[in-house]
Ligand code: OGA
Ligand code: MN
């Protein structure tokens with residue numbers, strides 16, 4: 001095994017690394033998986049270039065890292081899918097592979113990916129890792145940005161850290177979509193996407209580093225008036241996404257990027273919506289809610 005990690009950010013050498021000598025299509029050994037887990041624990045985001053894979057190979061690789069999440073995390077209908085339920089369709093294409101019309105609801109919902117977020121933070125047990133494979137790219141734009149929520153935490157003043165640490169936030173996909181102007185949610189959607197609670201501050205079980213668990217899906221903080229909570233989260237998000245905490249990924253076809261949703265946020269950037277952009281995402285679920293540090297003691301308590 002001769003894996004090698006090259007850090008991609010000069011200002012923050014513990015954030016984002018390119019991994020060489022992995023051939024995802026052919027599968028990886030247990031030792032390689034273990035090495036990759038250690039690497040993502042340190043860097044938060046791993047970039048693999050030139051990985052010509054199909055969905056089955058992507059899923060098989062992802063499965064090495066924990067229980068898999070199905071692509072049920074969207075408030076839009078699950079019928080007429082282009083891809084299997086094992087894969088999140090991160091594209092602007094319809095089921096026949098044609099570019100969606102500007103006003104198409106699926107496309108407009110997809111614009112939610114342009115808000116800073118952590119995948120599935122609106123699920124009681126949120127995502128651990130996401131793996132995104134670039135299949136078709138527009139000529140320009142359509143980059144993905146990642147922000148280091150550990151560095152953002154480290155840079156907070158101590159009194160701010162103390163204020164954040166006990167807070168519990170409410171996350172729902174309806175909050176992030178409402179912020180884009182969606183308001184006509186059905187009773188079924190409202191029922192299905194009830195807010196879930198997540199800690200604002202997490203401690204990574206592997207590295208022991210604390211991080212801010214922010215996401216555009218947050219709509220409230222337990223015990224706080226809503227406008228004050230939203231303003232507080234907006235300020236924190238502004239802090240956490242300053243350039244020194246951010247890496248911008250410029251996609252090449254067949255790049256695969258894997259990130260840890262517990263310690264990073266990400267967002268898509270604009271591109272010409274008349275051109276196809278097709279990325280496929282597989283998602284590894286976490287095994288417990290961010291709250292369970294308190295409730296079951298399954299992971300190390302924050303204050304040790
Ligand atoms: C995702 C996502 C951003 C992008 O796949 O979860 O948010 O640039 N993608 O498409
Ligand atoms: Mn996402």
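Taking the numbered list (1) within 15 Å of ligand 2 (Cβ to nearest atom); (2) in contact (Cβ under 8 Å) with a residue 40 or more places away in the chain in turn, residue 110 passes all entries but (2). In summary, residue 206 fulfils each of the numbered conditions (1) modelled with pLDDT under 95; (2) under 29 Å from residue 91 (Cα atoms) with the single exception of condition (2).
Quick one: how many residues across segment 179-208 are in contact (Cβ under 8 Å) with a residue 24 or more places away in the chain and either assigned to a strand (DSSP E or B) or surrounded by fewer than 20 Cβ atoms within 10 Å (Cβ to Cβ) (or both)?
Our first condition is that a residue be in contact (Cβ under 8 Å) with a residue 24 or more places away in the chain; within segment 179-208, this holds for 179-180, 182, 185, 189, 192-193, 195-208.
Subset that is either assigned to a strand (DSSP E or B) or surrounded by fewer than 20 Cβ atoms within 10 Å (Cβ to Cβ) (or both): 179-180, 182, 185, 189, 192, 195-199, 201-208.
Within segment 179-208, residues that are in contact (Cβ under 8 Å) with a residue 24 or more places away in the chain and either assigned to a strand (DSSP E or B) or surrounded by fewer than 20 Cβ atoms within 10 Å (Cβ to Cβ) (or both) number 19.
When restricted to residues that are more than 13 Å from ligand 2 (Cβ to nearest atom) and touching a helix residue (DSSP H, G or I) at 6+ places or on another chain (Cβ under 6 Å), segment 124-142 contains 1. Scanning segment 105-123 for residues that are over 21 Å from residue 143 (Cα atoms) and at pLDDT 95 or above yields 121, 122, 123.
When the strands (runs of 3 or more DSSP E) confined to segment 1-68 are screened for residues that are surrounded by 17 or more Cβ atoms within 10 Å (Cβ to Cβ), touching a residue at least 24 places away in the same chain (Cβ under 8 Å) and under 17 Å from the mean Cα position of the chain (by Cα), those reaching at least 3 such residues are found at 45-48.
Say whether the condition of being touching a helix residue (DSSP H, G or I) at 6+ places or on another chain (Cβ under 8 Å), closer than 22 Å to residue 131 by Cβ and at pLDDT 95 or above is met by at least one residue in segment 217-239.
There is at least one residue in segment 217-239 that is touching a helix residue (DSSP H, G or I) at 6+ places or on another chain (Cβ under 8 Å), closer than 22 Å to residue 131 by Cβ and at pLDDT 95 or above.
Just wondering, is there one or more residues in segment 71-82 that are over 15 Å from residue 284 (Cα atoms), away from ligand 2 (no atom under 16 Å from the Cβ) and at pLDDT 95 or above?
no
The values are calculated or read from the model by the stated rules, or taken from the named source; none is laboratory data. Since this is a predicted model, take the numbers as computed values, not measurements. Cβ: placed from backbone, ideal geometry, glycine included. Neighbour counts: every protein chain shown.
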